[in-house]
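Structure first, commentary second.
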Amino acid sequence: MISNPSNSSQSASLEHNETHSDRTSDLSNSHQHGTKSPVDHARIERAVREILAAVGENPDREGLLETPARVARMYAEVFSGLHKDPSIHLKRVFTESYDEIVLLKDIEFHSMCEHHLLPFHGRAHVGYLPDGKVVGLSKMARVVDEVARRPQVQERMTETIADMMEKALGARGVVVMIEASHSCMTMRGIRKSGGMCVTSSMRGIFRENLSSRAEILGLIMNPKHG
């Protein structure tokens, strides 16, 4: 590795600029359009300092000085779904005579388990059988993203998305399946990696008709359709 005598001063300058940029961005996001952020950043920062001290760390150590502010910005981002109504994305529907399955597979998401405040992430599959109305595919992905961005459990997340789809579209059938890996199981407790939690919610014809259920499950599980 070739060493440059000016590396130390350049690194310090870059770190300062990055921190300044983070703060400027945070202030800009909090006050854009003249609105106040619904997240109490100062309260989160105080709490993070207390946690660091409680586990035996020094919150005034150089590497931790900006950590409370960074965590506050992170929580504002990953919990942004608390302050949004995801169903608004399903308000705009289109009248179509199409009457076969619509399925959006492998919608990537990241959420936070409410029990330990540790991440879980995976993919959601959302489908429906229209009854005269269809919705934009990107809107389905936005619903998944915003429902995920709040303290969650996978079971409730699955049901919430299905409820919104069913109510907005009046579809003949709705299916939501989520496959996710949970950090609360892989990095703590039993510490078993590779386990995948699968949850599903079937509505209408997909719940009542076995052949329709088999058809939609076949589309979801068949990699040729991925």
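Bear in mind these aren't lab numbers, they're just calculated from the coordinates by the rules spelled out. Here the structure is a predicted model, which is why all the values come from computation and not from measurement. Neighbour counts run over all protein chains shown; Cβ positions are idealised from the backbone, glycine included.
Scaling the Cα radius of gyration of segment 99-226 by the globular reference 2.2 N^0.38 Å produces a ratio of 1.07. Protection proxy ranking of 116-127, 185-196, by the mean of other Cβ atoms within 10 Å over each peptide's residues and highest first, is 116-127, 185-196.
Karplus-based coupling profile of segment 50-60, in residue order and whole Hz: 5, 5, 4, 5, 5, 8, x, 8, 9, x, 9, with θ = phi - 60° in 6.51 cos²θ - 1.76 cosθ + 1.60 and x standing for Gly or Pro. Peptides 160-167, 39-46 ranked from most to least packed, by the mean per-residue count of other Cβ atoms within 10 Å: 160-167, 39-46. If you sort the three axes of the alpha carbon gyration tensor as a ≥ b ≥ c, you get a/c of 1.5 or more for segment 39-78 and a/b above b/c, which makes it prolate. Put in order of Cβ neighbour count within 10 Å, fewest first, the listed residues Arg150, Arg92 become Arg92, Arg150. Cα-based values for segment 96-164, radius of gyration first and Dmax second, are 13.4, 46 Å.
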